[in-house]
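Scroll down for the structure; my scribbles are underneath it.
The values are calculated or read from the model by the stated rules, or taken from the named source; none is laboratory data. The model shown is predicted, which means the values in this text are computed figures rather than measured ones. Positions of Cβ are generated from backbone atoms using ideal geometry, with glycine treated the same way; all protein chains shown enter the neighbour counts. The accessibility values were calculated without ligands, DNA or RNA, using every heavy atom of the protein model including side chains. Shrake-Rupley method; radii C 1.70, N 1.55, O 1.52, S 1.80 Å.
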Amino acid sequence: MFAIVEIAGLQYKVEQDQKLFVNRLKGDKGAKVSFDKVLLTVNGTTTIGAPAVNGITVDAEILDHVKADKVIVFKKKRRKGYEKKNGHRQSLTQIQITGITGFDNKKEEKKAAPKAKKAAASEDAPVAKKTTKKSDSETAE
């Protein structure tokens, strides 16, 4: 069972008990966070959201706030005497996925939907016949 969830503007494939680094989140160490923008879930069957799957949430716990490795940004123009050196360290949050919840609700909705379709199909509705128009080339022959 896994889900694709949008966290802080980026999409991640997550499973239960998985640890991952995401862009800095608000919250203290040990706090519980929940993400409700789930784009896809796979639990025996695949459910694709348009744009998000309703009723499914991904729960996580903040383990730590860290900084990534330093990235050196070096700019130079040849023969001009221009050199610029900068560094950047991205702020990250390490989270652990504690669970993906809401699958029970989806099963109940799927069971209720076929009953409604059967009731609508049992009503007598007029059936329109499909007619085709002959083109000029067929009528000329």
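In this structure, residue 23 does not satisfy being open to solvent by 40 Å² or more (accessible area, probe 1.4 Å) and modelled with pLDDT under 95.
Among the numbered conditions (1) outside any strand (DSSP E or B); (2) open to solvent by 100 Å² or more (accessible area, probe 1.4 Å), the only one that residue 75 does not meet is (1). Here residue 43 meets the list (1) under 19 Å from residue 12 (Cα atoms); (2) touching a strand residue (DSSP E or B) at 6+ places or on another chain (Cβ under 6 Å) almost entirely, failing just condition (2).
Of everything in region 43-72 that is of a type in the set (D, E, K, R) and without any contact (Cβ under 8 Å) to a residue 40 or more places away in the chain, the residue that is surrounded by the most Cβ atoms within 10 Å (Cβ to Cβ) is 61.
Output yes when any residue across region 78-91 is small (Gly, Ala, Ser) and under 15 Å from residue 7 (Cβ atoms), and no when none is. Yes - at least one qualifying residue is present in region 78-91.
In a strand (DSSP E or B), surrounded by fewer than 11 Cβ atoms within 10 Å (Cβ to Cβ), in contact with a strand residue (DSSP E or B) (Cβ under 8 Å, 6 or more places away or on another chain) and acidic (Asp, Glu): does that describe residue 6? Judged against the criteria, residue 6 is not a match.
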